[in-house]
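I'd like to ask you about the structure that follows.
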Amino acid sequence: MMNLGLALLLAAPPKGADIFERTMHALPIRGVVIVTVLILILLSVLSWVIIGYKGIALMAAQRESGRFLEAFWGAKRLDAVYQAAEGLKRSPVAQVFRAGYIELAKLQKAKAGEAGGGGERALSELGDLESIERALGRAAGTEVTHMETFVPFLATTGSAAPFIGLFGTVLGIMKSFRDIGSMGSASLVVVGPGIAEALITTAIGLVAAVPAVMAYNYFVRRVRVLSSEMESFSSDFLNIVKRHFLKG
């Protein structure tokens, strides 16, 4: 009797294995893999749209900033530079100048009002210069934020897409093992198609991630260059204000 019970116990599959098998058959693995592939394709398409949009926008920003700096250093009056900046909306340096010029004009108008309408008067307080500096800083921060729009999505795609693809690969391999168990064979005919389908998700994940990472690094560098130009221009603009509009 004991030998018969032991034989039945050994012949019966472990309870955990039975639960695992039921879970494997219950999971819609193929459907999850298809959804994973669609997510990766969507990420790739969105990344390329952002790459095209940001590439055109940053190229225009760099080109118009160069045109503005030529106009700025070639002009003799700030109001003429302001008129030129009005037509260079995509230049972050031009927008920084506009913010500084508007703040300077407000301060001069206030000083002229304090003088009883006797005309413009030179700025005489250090707080006036600090106000202009704050206006330049706010404008530069706004422009950096605008230039960085959608760029973090590329970093997210570059870091997440390979793991999403790996998730689909793991599910595909699980399906292959399930097919092996149901067919009772581990031949290449049984295993090959499932593994090939599983590896497709990894390939799509890499196709989505690699361009996104490369574009992210390029755009970050371009934004850093434009930020440096805005910082340098802000310093030059403040020096001009000190020399021509601020009393010693």
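Derivation of every value follows stated rules applied to the coordinates shown; laboratory data play no part. Since this is a predicted model, take the numbers as computed values, not measurements. No Cβ is skipped: glycine too gets one built from the backbone with ideal geometry, and neighbour counts run over all protein chains shown.
Let me spell it out: the conditions are (1) of a type outside the set (D, E, K, R); (2) free of Cβ contacts under 8 Å to residues at least 40 places away in the same chain; (3) on the phi > 0 side of the Ramachandran plot, and residue 135 meets all of them except one. Which number is the exception?
(3)
Condition first: part of a helix (DSSP H, G or I), under 16 Å from the mean Cα position of the chain (by Cα) and of a type in the set (D, E, K, R). Now tell me which residues in region 134-169 satisfy that.
143
If you don't mind, another one. So, of the residues in region 221-235 that are surrounded by 14 or more Cβ atoms within 10 Å (Cβ to Cβ) and more than 25 Å from the chain's Cα centre (by Cα), which turns out to be farthest from residue 136 (Cα to Cα)?
Across region 221-235, the extreme among qualifying residues is 233.
Could you say which residue among 104, 58, 46 is part of a helix (DSSP H, G or I), at negative phi and surrounded by fewer than 20 Cβ atoms within 10 Å (Cβ to Cβ)?
So the residue among 104, 58, 46 that is part of a helix (DSSP H, G or I), at negative phi and surrounded by fewer than 20 Cβ atoms within 10 Å (Cβ to Cβ) is 46.
List, please: which pairs have Cβ atoms under 6 Å, are six or more places apart or on different chains, and start with a residue in region 88-113 that is within 23 Å of residue 54 (Cα to Cα) and end with one that is of a type in the set (Ser, Thr, Tyr)?
Correct list of pairs: 91/65; 93/65.
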